[in-house]
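Everything on this sheet refers to the single structure shown next.
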Amino acid sequence: MSLLIYVSFRKQLNDGFSDQLKAGAAVVSSKVNINPRIVPLPHGNESFTIVYSDNDRQDTLYADDKLRSLQLNDSDSTFSYGLFRGVVFTAYPDNSGTLKVLYALPADGIERRINLLLMLVFAGIVIGCLLAALLAYKISGRILKPVMQVIQKANNTDIRTANTGRIISGAEDTELLELSDSFNRMLERISEQSQRRSAFFASASHELRTPLSVMQTRLQVMLQDKDQAGEDRSFLSGQLAEVKRLTKMVNDFLLMTELQQGSVSVLKQEVNLTEMIPEIIAAYRQKTVEKAVKIEMVFAPQESDFLVNADAGKLRVMLSNLLDNAIKYSPDAGQVHLSCVSGADDCVLSFSNTIRQDIHPDMAAIAREFYHAKPLAGEGLGLGLWITYALAEMQEMVITATMEEQLFKVVLIMDRAT
């Protein structure tokens, strides 16, 4: 529409200018007299050339310097020459000759008006598009508001914690109401399934802990019998190791369920790392002997007390998981380096070990539930790091894992006890 208006106004301006040229040429021709010869002179900014033809004779009565080099064909009725636009006006005096007036005026003024009109048209188009886009945005925002509520609710839904509240939709559109109701029913089913799954895991874990505890106790008692033969003792030791592994899996399952349900409480207290860490290392002595893995522990500075503010039980689980992973993924006869550096406000504990060449963990997935770095799939549940990260977050600790070439490193930052 705007372009049509521009074309129409441009045509009117050009037609008006052409009429002005024709009128000026007619006035000039009316003032010419052949005998006696009388010609007018240019007035203002007009320029013209007057040519009289009689049979084979042609005489230039007046030639403006601005148009002197202008070349025209006999059929031309208009022309453009530099900044000038003009017309060829033909008149026939009474003495039967032909009078041609090449009349021109500067066209820069009309060109400026046409360019200004073009800019106004484009500005109008741009402003119109912006206003239309703004109006469409406002309208679409109101129309899509119920849909955005559904999307936001879907993004905020956490199946692990059964955070699946209902969507309250005030939309009058039948389809949007049906969408909201369908999503609410889906959330209810997800919540029910999540609760049933968590209840099953918790119940199964509790039921398994008792017989496993009894089996472990009996095996330990049998191993204390000095009369046991060497083969029997080796068999019982293997069975005890399997029972301990199953017990850890059950405990991880139970802790995972409690973490997902949000039923884990944190009781922070003063914990001495110089006492807890050696105890955890001692608990893994048999595993380190089997793989010939050497554990190196450094506390710095030695004069520090290394007291941190943490939940002792949960911190023990975290450090046990980190040490277990370090030993598991180290090559035979490898080395695990533990470093505890005490600062003014925090303690930085790091676990670093060289990983076997055939293992390439996905660093973006190591903290997910049930993740295994192949080819160790099947050894445990893959919950250790996930539980460690979850417990660290609950206690407001900072934990990071990095890997450079085959060196895997986990850093845990804890607040010092005050």
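The values are calculated or read from the model by the stated rules, or taken from the named source; none is laboratory data. In this text the structure is predicted, and so the values were computed from the model without any measurement. Glycine gets a Cβ as well: all are built from the backbone with ideal geometry, and neighbour counts include every protein chain shown.
Could you pull out the residue among PHE79, PHE9, PHE89 that is hydrophobic (A, V, I, L, M, F, W, C), out of contact with any strand residue (DSSP E or B) (no Cβ under 6 Å at 6 or more places or on another chain) and either outside any loop (DSSP other than H, G, I, E, B) or in contact (Cβ under 8 Å) with a residue 60 or more places away in the chain (or both)? It would help to see each step written out before you state the result.
On the way: PHE79 fails: out of contact with any strand residue (DSSP E or B) (no Cβ under 6 Å at 6 or more places or on another chain); PHE89 fails: out of contact with any strand residue (DSSP E or B) (no Cβ under 6 Å at 6 or more places or on another chain).
Just a single option satisfies the conditions, and that option is PHE9.
Please find, among SER203, SER194, the residue that is under 49 Å from the mean Cα position of the chain (by Cα), loosely packed, with under 13 Cβ neighbours inside 10 Å and either over 25 Å from MET249 (Cβ atoms) or not hydrophobic (A, V, I, L, M, F, W, C) (or both). Before the answer, list the steps.
On the way: SER194 fails: loosely packed, with under 13 Cβ neighbours inside 10 Å.
The match here is SER203.
Scan TYR103, TYR6, TYR62, TYR52 and give me the residue that is among the hydroxyl-bearing types (Ser, Thr, Tyr) and at pLDDT below 85.
Result of the check over TYR103, TYR6, TYR62, TYR52: TYR6.
State all residues of the range 52-65 that are surrounded by 13 or more Cβ atoms within 10 Å (Cβ to Cβ) and out of contact with any Gly (no Cβ under 8 Å at 6 or more places or on another chain); if no residue qualifies, say none.
Hits for the range 52-65 are LEU61, TYR62, ALA63, ASP64.
Go through (1) within 21 Å of GLY384 (Cβ to Cβ); (2) under 37 Å from the mean Cα position of the chain (by Cα) and name the single condition ASP345 misses.
(1)
Taking the range 291-311 as the region of interest, how many residues are surrounded by 11 or more Cβ atoms within 10 Å (Cβ to Cβ), of a type outside the set (A, V, I, L, M, F, W, C) and within 18 Å of LEU322 (Cα to Cα)? Working first, answer last.
In the first step, residues of the range 291-311 are kept if they are surrounded by 11 or more Cβ atoms within 10 Å (Cβ to Cβ); the result is 291-295, 297-300, 304-311.
Checking the rest, the ones that are also of a type outside the set (A, V, I, L, M, F, W, C) come to 291, 294, 304-305, 309, 311.
Adding the requirement that they be within 18 Å of LEU322 (Cα to Cα) leaves 291, 294, 311.
Residues in the range 291-311 being surrounded by 11 or more Cβ atoms within 10 Å (Cβ to Cβ), of a type outside the set (A, V, I, L, M, F, W, C) and within 18 Å of LEU322 (Cα to Cα): 3 in total.
Which members of the range 262-305 meet the condition of being of a type in the set (Gly, Ala, Ser) and either outside the structural domain of LEU349 (by TED's automatic domain parsing) or part of a loop (DSSP other than H, G, I, E, B) (or both)?
GLY262, SER263, SER265, ALA292, SER304
Which ones in the range 91-143 are of a type in the set (Gly, Ala, Ser) and under 38 Å from the mean Cα position of the chain (by Cα)? Give the derivation first.
Restricting attention to the range 91-143, the residues satisfying the condition of being of a type in the set (Gly, Ala, Ser) are 91, 96-97, 104, 107, 109, 123-124, 128, 132-133, 136, 140-141.
The answer is ALA123, GLY124, GLY128, ALA132, ALA133, ALA136, SER140, GLY141.
Could you check the range 92-131 and list, in sequence order, the residues that are exposed (fewer than 14 other Cβ atoms within 10 Å of the Cβ) and either polar (S, T, N, Q) or assigned to a loop (DSSP other than H, G, I, E, B) (or both)?
Residues satisfying the conditions are TYR92, ASP94, ASN95, SER96, ASN115.
Taking the range 374-389 only, how many residues are at pLDDT 90 or above and either among the aliphatic types (A, V, I, L, M) or not assigned by TED's automatic domain parsing to the domain that holds VAL336 (or both)?
0
Please specify each residue of the range 336-355 satisfying the condition of being over 15 Å from VAL410 (Cβ atoms) and either in contact with an Asp or Glu (Cβ under 9 Å, 6 or more places away or on another chain) or at pLDDT below 70 (or both).
So in the range 336-355, the residues over 15 Å from VAL410 (Cβ atoms) come out as 342-346.
Scanning the range 336-355 gives SER342, ASP345, ASP346.
Are any residues in the range 69-91 out of contact with any helix residue (DSSP H, G or I) (no Cβ under 9 Å at 6 or more places or on another chain), over 22 Å from GLU111 (Cβ atoms) and surrounded by 10 or more Cβ atoms within 10 Å (Cβ to Cβ), and if so, which ones?
Answer for the range 69-91, where residues must be out of contact with any helix residue (DSSP H, G or I) (no Cβ under 9 Å at 6 or more places or on another chain), over 22 Å from GLU111 (Cβ atoms) and surrounded by 10 or more Cβ atoms within 10 Å (Cβ to Cβ): there is none.
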